[in-house]
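**Student:** First, the structure itself, so that you have it in front of you.
What follows draws every value from the coordinates through simple rules; no lab data is involved. Just so we're clear, the structure is a prediction, and the values are computed from it rather than from any experiment. Here the Cβ positions follow ideal geometry from the backbone for every residue, glycine too, while neighbour counts run over all protein chains shown.
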Amino acid sequence: MTTKKCPCGKGEMHLKTREKKTCYNGMDLNVESEAYVCACCGIEAGTVVQASQTQRAISDAYRSKAGLLTGADIRRLRMDKGLDHKQLADLLGLCADSVRKWEEGLIQDHVIDRSLRKVLC
Ligand SMILES: [Zn+2]
């Protein structure tokens, strides 16, 4: 469904993808975000899935700009090496949940990033 009724009662909300400026950890970022926007009052509403996609986009934009591997980078490099989450975690001496979370948007610190690159690159 690409339209919803707006709570204002006057307009219809249409699904839109916009580039938004945001600031994360002191860094200005441009992130693509998808949400329903009312043509009448301009109110925006997103689903839980859209909110989590936006969070992931912010996380990846931040990581790209900070010189860190993005979630997609980590996943791609891990799969290129034929490793599952646990195998990569074991090489790092960490738990598989951490690997899963970095791939899903949690931002790793620079120390972890260097360890990831040592193992994956
Ligand atoms: Zn409205």
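**Student:** What does the helix-only formula give at 222 nm for the chain: each DSSP H stretch with n ≥ 4 adding -39500 (n - 2.57), the total divided by the residues, and the result rounded to the nearest 500 deg cm²/dmol?
**Tutor:** -14000 deg cm²/dmol
**Student:** May I ask you to evaluate 6.51 cos²θ - 1.76 cosθ + 1.60, the Karplus curve with θ = phi - 60°, for each residue of the range 2-14 and list the ³J(HN,Hα) values in order in whole Hz, giving x for glycine and proline?
**Tutor:** Along the range 2-14, the couplings run 10, 10, 9, 7, 7, x, 5, x, 9, x, 9, 9, 10 Hz.
**Student:** Go through the range 75-91 residue by residue and turn each phi into a ³J(HN,Hα) via Karplus (6.51, -1.76, 1.60, θ = phi - 60°); whole Hz please, and just put x for glycine and proline.
**Tutor:** The phi angles translate into 4, 5, 5, 4, 5, 4, 7, x, 9, 8, 4, 5, 4, 5, 4, 4, 5 Hz.
**Student:** Which value, in debye to the nearest 20, describes the size of the charge dipole of the range 1-106 about its Cα centre when Lys and Arg Cβ atoms bear +1, Asp and Glu Cβ atoms bear -1, and nothing else is charged? Walk me through the intermediate numbers first.
**Tutor:** Numbers: 17 positive and 14 negative charges, 42 e Å.
Dipole size: approximately 200 debye.
**Student:** Please give the helix 110-120 orientation as an angle from the longest Cα principal axis of the chain, in degrees from 0 to 90, rounded to the nearest 10.
**Tutor:** The two axes meet at around 70 degrees.
**Student:** Also: Using the crude model of +1 on Lys and Arg Cβ and -1 on Asp and Glu Cβ, and no other charge, please compute the dipole size for the range 3-65 relative to its Cα centre, in debye to 20. Don't jump to the answer; show the numbers that get you there.
**Tutor:** Details: 10 positive and 7 negative charges, 17 e Å.
Dipole size: approximately 80 debye.
**Student:** What ³J(HN,Hα) values, in whole Hz, does the Karplus curve 6.51 cos²θ - 1.76 cosθ + 1.60 give for the range 20-36 when θ = phi - 60°, with x put for Gly and Pro?
**Tutor:** The phi angles translate into 10, 8, 9, 10, 9, 6, x, 10, 7, 10, 9, 10, 7, 9, 10, 7, 8 Hz.
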